[in-house]
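*Asks:* The structure that follows is given in the form of structure tokens.
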């Protein structure tokens, strides 16, 4: 399974919940998460996708901490089994 496949499965799963998984690119800032996930009820989280077993780089860890310090949730997923769990957790908030 590649990172691209996980990202596609994430996008499809979020769409099934009537949400959007927008590709997030910041031209002025490297290391930002891959997706901004928006779900009904005003729920917004950032998601970094990785190939199975891969870890975030130091800059990505720094960006995650910055976003979390602002009150945003940031998830890192490296397997399709984590997608449903993440969505369920977000919906419960």
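Nothing in this text is a laboratory measurement; each read-out follows from the coordinates by a stated rule. Computed from a predicted model, the values in this text were never measured in an experiment. All Cβ positions, glycine included, derive from the backbone under ideal geometry; neighbour counts span all protein chains shown.
*Asks:* Describe numerically, in nm with one decimal, the distance between label points set 7 Å from Cα along Cα→Cβ at residue 65 and at residue 89.
*Replies:* Label at residue 65, label at residue 89, 2.0 nm between them.
*Asks:* Arrange the peptides 83-92, 52-61 so that the one whose residues have, on average, the most other Cβ atoms within 10 Å appears first. Provide the component values of the computation, followed by the final result.
*Replies:* On the way: 83-92: 14.7, 52-61: 12.6.
Ranked from most to least packed, the peptides come out as 83-92, 52-61.
*Asks:* Another question about this same structure. Between residue 55 and residue 16, what is the label-to-label distance in nm when each label sits 7 Å out along the Cα-to-Cβ direction?
*Replies:* Between residue 55 and residue 16, the label points sit 3.2 nm apart.
*Asks:* Rounded to the nearest 500 deg cm²/dmol, what is the calculated helix-only ellipticity per residue at 222 nm for the chain, with -39500 (n - 2.57) per DSSP H run of length n ≥ 4?
*Replies:* On the way: 3 runs with 38 residues, N = 93.
Calculated from helices alone, the mean residue ellipticity at 222 nm is -13000 deg cm²/dmol.
*Asks:* Using Cα-Cα distances under 8 Å and only pairs 6 or more residues apart, what relative contact order does the range 26-93 have, in percent?
*Replies:* 32
*Asks:* OK, next. Tell me, what is the FRET efficiency for residue 43 and residue 4 to the nearest 0.05, using R0 = 30 angstrom and their Cβ-Cβ distance as r? The partial results should precede the final answer.
*Replies:* Working: r = 25 Å, r/R0 = 0.83.
Efficiency for this residue pair is about 0.75.
*Asks:* Under 10 Å, Cα contacts only: if you run a Gaussian network model on the chain, which one of 48, 81, 68 comes out with the highest mean-square fluctuation?
*Replies:* Between 48, 81, 68, it is 81 that shows the largest mean-square fluctuation.
*Asks:* Here's another thing I want to ask about it. Of all beta bridges DSSP finds with both residues in the chain, what is the antiparallel percent, to the nearest 5? Please list the in-between numbers first.
*Replies:* Values: 9 of 14 bridges.
Around 65 percent antiparallel, to the nearest 5.
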